[in-house]
């Protein structure tokens with residue numbers, strides 16, 4: 001077993017594709033396939049399921065993946081300690097993020113960090129808060145950004161940003177300025193998936209004020225932020241989204257203040273406690289903390 005085989009396996013898992021892993025690592029696809037085939041032969045187990053269009057891990061592959069990431073990170077940390085050349089940090093940094101951080105403050109952080117470390121490449125996967133937490137727990141990604149405090153014995157959270165939540169409505173809707181929560185609930189809602197922290201925050205606020213979930217009129221469940229905005233714009237219904245995102249939409253939608261719902265959202269950077277991060281992830285984590293400290 002050598003590190004090229006392990007890196008090939010990790011990258012195929014990251015990109016869910018042999019061809020994409022080859023492109024990202026500047027190897028040919030046959031080389032990637034050979035590395036993984038030899039690794040599976042040496043371990044005596046099948047690591048990847050190649051039957052579907054998207055490559056997935058087998059149960060044995062999922063077990064091995066955690067150790068594979070640890071081995072790669074420990075190796076990189078060892079080289080960094082010996083070279084003592086932080087300015088030459090490079091490699092692929094895998095980040096998991098929920099949608100609001102992914103389209104608001106994260107792009108600026110990525111650009112700023114890469115301007116200091118041009119050798120960095122990013123692989124960013126966007127989903128909902130719960131999926132980000134699950135992926136980080138499974139070592140799929142080293143750094144995550146989510147919309148709620150998910151601190152636990154295994155996950156470390158650092159608050160990095162705040163934002164408001166607002167309601168957006170189609171330009172054709174006969175409403176302006178501000179309304180009460182009870183009036184808002186009479187509108188057809190376009191919701192994110194159940195793992196969305198934005199949705200959970202709004203539903204919790206409604207429940208605390210005596211409203212029940214069955215009082216919501218649900219027009220659609222959509223798991224893509226751009227599709228939600230376009231659906232609101234088209235007149236399908238209203239939605240609760242980030243104030244920062246809403247402020248950039250101009251006249252595409254109406255931004256409605258809900259007078260009895262004023263919930264500022266906090267956003268957090270997360271990582272697993274007590275594991276070896278890659279030099280790139282360690283440096284990026286410190287960069288984000290420094291940016292928060294000096295705001």
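Considering only residues that are at pLDDT below 85 and either within 15 Å of residue 216 (Cβ to Cβ) or in a loop (DSSP other than H, G, I, E, B) (or both), which ones fall in the stretch 187-201? Quick ask: steps written out before the conclusion?
The first filter runs over the stretch 187-201 and keeps only residues at pLDDT below 85, leaving 192-201.
Of everything in the stretch 187-201, those that are at pLDDT below 85 and either within 15 Å of residue 216 (Cβ to Cβ) or in a loop (DSSP other than H, G, I, E, B) (or both) turn out to be 192, 193, 194, 195, 196, 198, 199, 200, 201.
Residues that are outside any helix (DSSP H, G or I), within 30 Å of residue 89 (Cβ to Cβ) and either modelled with pLDDT of 90 or more or under 27 Å from the mean Cα position of the chain (by Cα) (or both) do occur in the stretch 259-267.
When residue 236 is tested against (1) in a loop (DSSP other than H, G, I, E, B); (2) under 23 Å from residue 143 (Cα atoms); (3) at pLDDT 85 or above, only condition (2) is not met. In a residue-by-residue description of the stretch 251-272, the property of being farther than 17 Å from residue 147 by Cβ, out of contact with any strand residue (DSSP E or B) (no Cβ under 9 Å at 6 or more places or on another chain), in the same structural domain as residue 190 (by TED's automatic domain parsing) and loosely packed, with under 12 Cβ neighbours inside 10 Å applies to at least one position.
In summary, residue 174 fulfils each of the numbered conditions (1) within 21 Å of residue 230 (Cα to Cα); (2) free of Cβ contacts under 8 Å to residues at least 40 places away in the same chain; (3) buried (at least 17 other Cβ atoms within 10 Å of the Cβ); (4) assigned by TED's automatic domain parsing to the domain that holds residue 231 with the single exception of condition (3).
Looking across the stretch 188-226 at every residue that is touching a helix residue (DSSP H, G or I) at 6+ places or on another chain (Cβ under 6 Å) and touching a residue at least 60 places away in the same chain (Cβ under 8 Å), the one that is nearest to residue 150 (Cα to Cα) is identified as 197. Annotation: of all residues in the stretch 183-236 being more than 25 Å from residue 251 (Cα to Cα) and within 21 Å of the chain's Cα centre (by Cα), the one that is surrounded by the fewest Cβ atoms within 10 Å (Cβ to Cβ) is 194. Considering only the stretch 77-129, state which residues are modelled with pLDDT under 85 and more than 16 Å from residue 281 (Cβ to Cβ). Once the filter is applied, which keeps residues that are modelled with pLDDT under 85 and more than 16 Å from residue 281 (Cβ to Cβ), the stretch 77-129 yields 82, 83, 84, 85, 87.
Here is a check on your reading of the model: is residue 141 surrounded by 19 or more Cβ atoms within 10 Å (Cβ to Cβ) and modelled with pLDDT under 90? Give the derivation first.
On the way: surrounded by 19 or more Cβ atoms within 10 Å (Cβ to Cβ): yes; modelled with pLDDT under 90: yes.
For residue 141, the condition - surrounded by 19 or more Cβ atoms within 10 Å (Cβ to Cβ) and modelled with pLDDT under 90 - is met.
Among the residues of the stretch 34-65, the ones that are in contact (Cβ under 8 Å) with a residue 40 or more places away in the chain, touching a strand residue (DSSP E or B) at 6+ places or on another chain (Cβ under 7 Å) and loosely packed, with under 15 Cβ neighbours inside 10 Å come to 1 in all. Would you please name the residue that is surrounded by the fewest Cβ atoms within 10 Å (Cβ to Cβ), looking only at residues in the stretch 118-135 that are in contact with a strand residue (DSSP E or B) (Cβ under 7 Å, 6 or more places away or on another chain) and more than 16 Å from residue 101 (Cα to Cα)? Top of the filtered list is 119.
The values are calculated or read from the model by the stated rules, or taken from the named source; none is laboratory data. From a predicted model like this one, the values you see are computed outputs, not experimental measurements. Glycine also receives a Cβ, built like all others from the backbone with ideal geometry; neighbour counts cover every protein chain displayed.
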